[in-house]
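Heads up: the structure comes next, in structure tokens.
The values are calculated or read from the model by the stated rules, or taken from the named source; none is laboratory data. Please read all numbers here as calculations on a predicted model, not as lab measurements. Counting neighbours? That spans all protein chains shown, and the Cβs are built from the backbone with ideal geometry, glycine included. The protein model used for the area step is the full one, side chains on, heavy atoms only, and it has no ligands, DNA or RNA in it. Shrake-Rupley method; radii C 1.70, N 1.55, O 1.52, S 1.80 Å.
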Amino acid sequence: MTDAERMHARSGLRSVQAPSAVVMIRPHHFACNPQTAEDNPYQREDATAEPAELAGRARAEFDEAVARLTAAGVTVHVFEDHGTDTPSSVFPNNWFSTHHGGRIAIFPMYAPSRRRERRVDVVELLKARYRVQEVIDYSGLEHDHLYLEGTGAMVFDHVERVAYVGNSHRADPVILERFCTAFGYEPMVFASEDELGRPVYHTNVIMTIGTEFAIVCLAAIADPARRSEIRSRLADSGRAIIDITHEQVRDFAGNALELSGADGRVLAMSSRAVATLRADQRAVLEESVALLPITVPTIELDGGSVRCMMAGVHLAPR
């Protein structure tokens, strides 16, 4: 992509980076997933709530999120999940992703319960409403204990064609290389860790890339040389860098998604994440997006936040 094309992509009403539509899954039996708790330190139990109460609260938060996004002019494709064995289905961004040029990828998932989240009707709607040329399914690699959990494991710069990936057993390098070759991304892999030295299970907890900004916890990139390289790469793309702390990561400040709304670009993130931003960080973001805080404290108990609830649709409509 030429410099002129990049400038057009960043300044245009319909941003290459910020989709105008998302897929969301409305949960009916939301719960904190015990199969993912081992390597997701952001999960927390609410021992005071009965399962039905917890699920009801999550459903109410989901409905409010859809209402907020719709009011901003984002198209939301909602699917119902009545299953009792898919506690984390509210996070569909891990099992599939969509890409410019009409391509969809289906991914292999680490936790057995999460593999049951994949559903044909989502793909069929995308084929019916958008121009889909190809669906590549990597999910069979689960049988070889190889996993790549979609836009949780990978944070895409769709303009520069780079996939930023923190090392994790949920981001196998063999599948990553295969995916990047097929979909035309350059992998930028780095060792990541939280303040206790534990690997970060998903890259999208510590990084968000927008059209004109990048939110990243640079301290979570373990190797100083690689940290400097990634900072330079993001800066060279013309983006303002918002460097967040480990504490802000715990409040999901790195877990956001830029979207194209009716009146311009918005940044969907949880109210908790917005509250943890410093005034100077907010000011940089608000130069290019309107902040769209969404309150999801119950859903966040399962270790993900607003960004994880949305699978962006980077496909041309029919």
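Kindly provide the set of residues from the range 265-274 that are open to solvent by 10 Å² or more (accessible area, probe 1.4 Å), in contact with a strand residue (DSSP E or B) (Cβ under 8 Å, 6 or more places away or on another chain) and either basic (Lys, Arg) or without any contact (Cβ under 8 Å) to a residue 40 or more places away in the chain (or both), ordered by number.
Going through the range 265-274, the residues open to solvent by 10 Å² or more (accessible area, probe 1.4 Å) turn out to be 265-266, 271-272, 274.
If we keep only those that are in contact with a strand residue (DSSP E or B) (Cβ under 8 Å, 6 or more places away or on another chain) too, we end up with 265-266, 271, 274.
Selection gives ARG265, SER271, VAL274.
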*Consider ASP157 against the criteria (1) closer than 16 Å to ILE215 by Cβ; (2) open to solvent by 40 Å² or more (accessible area, probe 1.4 Å); (3) charged (D, E, K, R): it satisfies all of them except one. Which criterion is unmet?*
(2)
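Rundown of residues vs (1) open to solvent by less than 20 Å² (accessible area, probe 1.4 Å); (2) of a type in the set (Phe, Trp, Tyr); (3) within 20 Å of the chain's Cα centre (by Cα), yes/no style:
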{"position": "HIS246", "(1), (2), (3)": "no, no, yes"}
{"position": "ASP251", "(1), (2), (3)": "no, no, yes"}
{"position": "GLY254", "(1), (2), (3)": "yes, no, yes"}
{"position": "ASP263", "(1), (2), (3)": "no, no, no"}
_Checking the conditions here, which among PHE96, PHE107, PHE183 is among the aromatic types (Phe, Trp, Tyr), open to solvent by less than 20 Å² (accessible area, probe 1.4 Å) and over 17 Å from the mean Cα position of the chain (by Cα)?_
PHE183
*Looking at this structure, is TYR201 in contact (Cβ under 8 Å) with a residue 12 or more places away in the chain, among the aromatic types (Phe, Trp, Tyr), under 20 Å from PHE91 (Cα atoms) and open to solvent by less than 10 Å² (accessible area, probe 1.4 Å)?*
no
*asked:* Need the failing condition index for GLN281 against (1) closer than 24 Å to ARG198 by Cα; (2) open to solvent by less than 40 Å² (accessible area, probe 1.4 Å); (3) not β-branched (Val, Ile, Thr), just the number.
replied: (1)
*Test for THR75: is it surrounded by fewer than 20 Cβ atoms within 10 Å (Cβ to Cβ), among the hydroxyl-bearing types (Ser, Thr, Tyr) and free of Cβ contacts under 8 Å to residues at least 24 places away in the same chain*: no
*Hits in the range 34-68 - residues which are over 18 Å from the mean Cα position of the chain (by Cα), not basic (Lys, Arg) and not in a helix (DSSP H, G or I)*: PRO34, GLN35, ALA37, GLU38, GLU45, ASP46, ALA47, THR48, ALA49, GLU50
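Okay, residues lined up against (1) of a type in the set (Ser, Thr, Tyr); (2) open to solvent by 30 Å² or more (accessible area, probe 1.4 Å):
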site	(1), (2)
TYR42	yes, no
GLU45	no, yes
GLU61	no, no
ALA111	no, no
TYR138	yes, no
GLU142	no, no
TYR147	yes, no
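If we scan the range 210-228, do we find a residue that is closer than 30 Å to GLU53 by Cα, open to solvent by 10 Å² or more (accessible area, probe 1.4 Å) and not in a helix (DSSP H, G or I)? Working first, answer last.
Just the residues of the range 210-228 that are closer than 30 Å to GLU53 by Cα, to begin with: none.
The answer is no; no qualifying residue exists.
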*Restricting the first residue to the range 185-198 and requiring it to be closer than 14 Å to TYR42 by Cα, which pairs with a second residue that is open to solvent by less than 50 Å² (accessible area, probe 1.4 Å) and assigned to a strand (DSSP E or B) meet a Cβ separation below 9 Å and a spacing of at least six or different chains?*
GLU193/GLY166; GLU193/ILE221
*asked:* Condition (residue is of a type outside the set (Lys, Arg), farther than 16 Å from ALA163 by Cβ and modelled with pLDDT under 95) applied to the range 201-213: is it met by at least one residue?
replied: yes
*Starting from the range 227-243, keep only residues that are closer than 20 Å to VAL289 by Cα, then list their pairs with residues that are assigned to a helix (DSSP H, G or I) and among the polar types (S, T, N, Q) whose Cβ atoms are within a distance under 7 Å, requiring at least 6 positions of separation or different chains.*
ILE242/GLN281
*So how many residues does the range 42-96 have that are under 24 Å from LEU292 (Cβ atoms), modelled with pLDDT of 95 or more and hydroxyl-bearing (Ser, Thr, Tyr)?*
4
